[in-house]
Amino acid sequence: MTRPDAHRFAAEIYHRFEALYHERYPNTGPVTEEYLATLMISLPEIDLDIDTMNVVLRPESRVAPWSHYATTLRALTENADTVTWFNDTHSKLAELLPTWSPPPRDIAAITDDGEFMATIRRLRETPRPIPVAELSRKMRDRDGKNYWQRTQLGENLKKKTLPDKPDHVRNLVETLCEHAGRPAADADHLYQTWRRLRGHGRKPQPRSYEQPEVVTAGIPAVDPPPDPEITLPVAPIVPRWPLSRTLLILGVVAIAVIIVIFAVM
């Protein structure tokens, strides 16, 4: 097995945990990767800190002890096959990655951006000051896609916090820890601390989930059919007097009147 296998196993572990969380808590809706660890440690059954949970969910450079996985799984599932899959995958990762350990005292004491940048500067000065140009070159040798040029790196090191470029920051802390003779695990702790300070581990605001509106097809209004047992009253039909007969009678009367008038004369 190789390093790409470790990345594949780490991705599979994350997606399995994500699916288990949504299966156990289906009404939470979609959550971002940055918030999943925070949601997990908020469960009363899990007694882990945010940095440990991040390593449990994403064992990319360090693998947490199996006891942390067992604790997390007890809060999410009782399926024996699922637990067996995690156990087997964890064993494979343990052959590829170093075991995760708690951060050392100086890194654990970092609570804000100022303390983080002070730690970065101390690493740069230990055991000897490393020039910005040399530090930039070492970053480029380590990762040619995610490094800062000399001028930009010098400006970033003077700022109150590093820019929000995770791959660049990881490259920087790994390069500085190597320069200072610190173990690779310390670089991972520094990176996780930076993520937390940047808000990636901040607890999300509760979301409101609306009940989907049920849309029903409109039913046209139809008058009820008449009751066949009810006989409606019928108006009597009055025959009309034909118009021709009326004119004939009026004509006869007019002739009679004329005859009477001539007779009198």
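The table that follows gives values for the structure above.
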{"item": "Asp49 paired with Lys160, simple spin-label distance in nm, labels 7 Å along Cα-to-beta-carbon", "result": "2.5 nm"}
{"item": "Peptides ranked, highest mean first, by Cβ atoms within 10 Å: ranges 166-172, 44-50, 26-32", "result": "166-172, 44-50, 26-32"}
{"item": "Sequence-separation-based contact order of region 105-197, relative, with Cα cut under 8 Å and 6+ spacing, percent", "result": "36 percent"}
{"item": "Chymotrypsin sites (Phe, Trp or Tyr not before Pro) within region 133-197: DSSP coil, no more than 10 neighbouring Cβ in 10 Å", "result": "none"}
{"item": "Base-10 log of normalised Debye intensity for region 105-197 (one unit scatterer per alpha-carbon) at q = 0.14, 0.17, 0.21 Å⁻¹", "result": "-0.42, -0.65, -1.04"}
{"item": "Ranked list, fewest to most other Cβ atoms within 10 Å of each Cβ, for Lys158, Lys165, Lys138", "result": "Lys158, Lys165, Lys138"}
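Each value in this text was obtained by applying a stated rule to the coordinates, not by laboratory testing. The structure displayed is predicted, hence computed values, not measured ones. Every residue, glycine as well, gets a Cβ built from its backbone with ideal geometry; the counts of neighbours run over all protein chains shown.
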